[in-house]
Amino acid sequence: MSDDTTREERPQGRPMPGTDGHGTHSIDILERSHTLRDGEPQAMNRRLFMQLTAYRCPAEHHPKRMAEALGAALDAASAVGVLYEDVSDPLGLALLTWSEDPTDFVDRVRPVLAEAPFRSLIFRPEFTMLGRTYATGYEDRLDFWLLEKPVNTVRNPETPWAVWYPLRRTGEFSRLPPKDQGGILREHAVIGRAYGEAGLASDVRLACHGLDPHDNDFVIGLIGKELHPLSHVVQTMRKTRQTSEFIENMGPFFVGRRVWTSR
């Protein structure tokens, strides 16, 4: 998977930095990396939001022509994204869009889908996934990893296959000491590095706390040149302690092949 999985992941949920001297908790919402850049730790209040929505074409519309028309309409609205054909549904499509400003999902993407013929698309809420990029604390270039790398991954013309799914960890994982959490997450990172170095799979990892209708914690996108390695990495991850002991829920899995990319 992508190089960001080679670093030891920082357990999610930074503790509160403390109080401001008046008994009030100070709240830190910045994305931070301890890796120095220009001699200083990195911090920024920017991240990328990404949303996947899935649809089924009504019988009177051909999915390929619908995808072509939807892509043209999104380009005209200056909305960025990719469209996938649903491998499991001959009439299925999915749209992945992204922006630093989540109002773009409402102001740019939503109006396009509300117009004919796209409002005839049958919405499939089980595949709605919305998340945000987040810092693990080890990024060498924080802005690149949070804002550019995910887009480069999903737009790469050499890697059209994608598997997207949400997951939720158990509360027990959150109660583990940070050292134990780090060791468990490191096991995933080692596996991810192996697949990434072999050119078999890249990943997009998004936090979706409070954004997911089913109370999931993360959205994962696996992107690759071929489909089999994406299935294989999921199979391999099943053997890790994190997945076998501390994942409460995974899926549903959307499996698709990219058919359109925005200008």
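Here, each number is a calculation from the coordinates, and none is a lab measurement. Nothing here was measured: the structure is a model prediction, and the numbers come from that model. Note: ideal-geometry Cβ built from the backbone for every residue, glycine included; neighbour counts use all protein chains shown.
Some notes on this structure:
- Among (1) under 30 Å from Gln235 (Cβ atoms); (2) in contact with an Asp or Glu (Cβ under 8 Å, 6 or more places away or on another chain); (3) not in a strand (DSSP E or B) - the single one Val151 does not satisfy: (2)
- Against the list (1) touching a strand residue (DSSP E or B) at 6+ places or on another chain (Cβ under 9 Å); (2) over 28 Å from Arg258 (Cβ atoms), the condition Leu176 fails is (1).
Each row is one residue, and each column tells you yes or no for (1) closer than 20 Å to Leu95 by Cβ; (2) in contact with a helix residue (DSSP H, G or I) (Cβ under 8 Å, 6 or more places away or on another chain).
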residue	(1), (2)
Gly171	no, no
Pro177	no, no
Gly182	no, no
Arg186	no, no
Arg193	no, yes
Gly196	no, yes
Val204	yes, yes
Pro213	yes, yes
Asp217	no, no
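- Top-ranked residue of the stretch 210-257 - restricted to ones that are free of Cβ contacts under 8 Å to residues at least 24 places away in the same chain and in a loop (DSSP other than H, G, I, E, B), ranked as farthest from Gln51 (Cα to Cα): Lys239
- Flag for Gly224 being buried (at least 19 other Cβ atoms within 10 Å of the Cβ) and more than 13 Å from the chain's Cα centre (by Cα): yes
- Members of the stretch 187-209 that are of a type in the set (Gly, Ala, Ser) and in a helix (DSSP H, G or I): Ala189, Gly192, Ala194, Gly196
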